[in-house]
Amino acid sequence: MKIAIGSDHAGFELKEKIKQHLLSQGFDVDDRGTHSSQSVDYPDYARAVGEQVAGKKADTGILVCGTGIGMSIAANKVPGIRAAHVSTEIEAQLSREHNDANVIAVGGRVLSERSALAIVDRWLNTGFLGGRHQLRVDKISELERDEARVANK
């Protein structure tokens, strides 16, 4: 499985820890940046990871900023992305089971390393339930298509 990962300066340290954790488990990790703790703009990295996932160049994505909120908002602007801001293991699980989230965003300033790694592991080891949840995910995709048509008029 290939995982695109990205962060801003506030999430850099946690991103590096998550990356090493994933590599130690044998995942193929595509680090889209940032590569230091110097101040950068999180939407650039949310876009970079989102485009990798939406373009099928990565199976899934993980984003880290100070809280995870900004990254999730920005990533959800990329067509085809269902990014979930996740701060607990149960949210990670449900974001996959119910929403088929293909990107998660976590907060480097609000989560411990231990919590973040547990969240990532739970998320990666949970599958989409489908069924009634598929109908809802389909409606999200329909909404996205409708909005794109309106924007292109």
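FYI, it's all coordinate maths here, none of it is from the lab. These numbers come from a predicted model, not from an experiment. Cβ sites come from the backbone with ideal geometry, for glycine too, and all protein chains shown count toward neighbours.
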Considering segment 74-90 alone, what residues qualify as being out of contact with any strand residue (DSSP E or B) (no Cβ under 8 Å at 6 or more places or on another chain), within 21 Å of LEU111 (Cβ to Cβ) and surrounded by fewer than 22 Cβ atoms within 10 Å (Cβ to Cβ)?
THR88, GLU89, ILE90
Of a type in the set (A, V, I, L, M, F, W, C) and surrounded by 15 or more Cβ atoms within 10 Å (Cβ to Cβ): does that describe ILE104?
yes
Segment 124-153, subset within 14 Å of HIS98 (Cα to Cα) and of a type in the set (D, E, K, R), residue surrounded by the most Cβ atoms within 10 Å (Cβ to Cβ):
ARG136
Those residues of segment 84-110 which are over 23 Å from GLN52 (Cβ atoms) and of a type in the set (A, V, I, L, M, F, W, C) amount to ILE90, LEU94, VAL110
Can VAL64 be described as touching a Gly at 6+ places or on another chain (Cβ under 7 Å), in a strand (DSSP E or B) and either among the β-branched types (Val, Ile, Thr) or under 24 Å from LEU143 (Cα atoms) (or both)?
yes
Taking ALA118 as meeting all but one of (1) in a helix (DSSP H, G or I); (2) within 23 Å of ARG145 (Cβ to Cβ); (3) more than 14 Å from the chain's Cα centre (by Cα), write down the number of the exception.
(2)
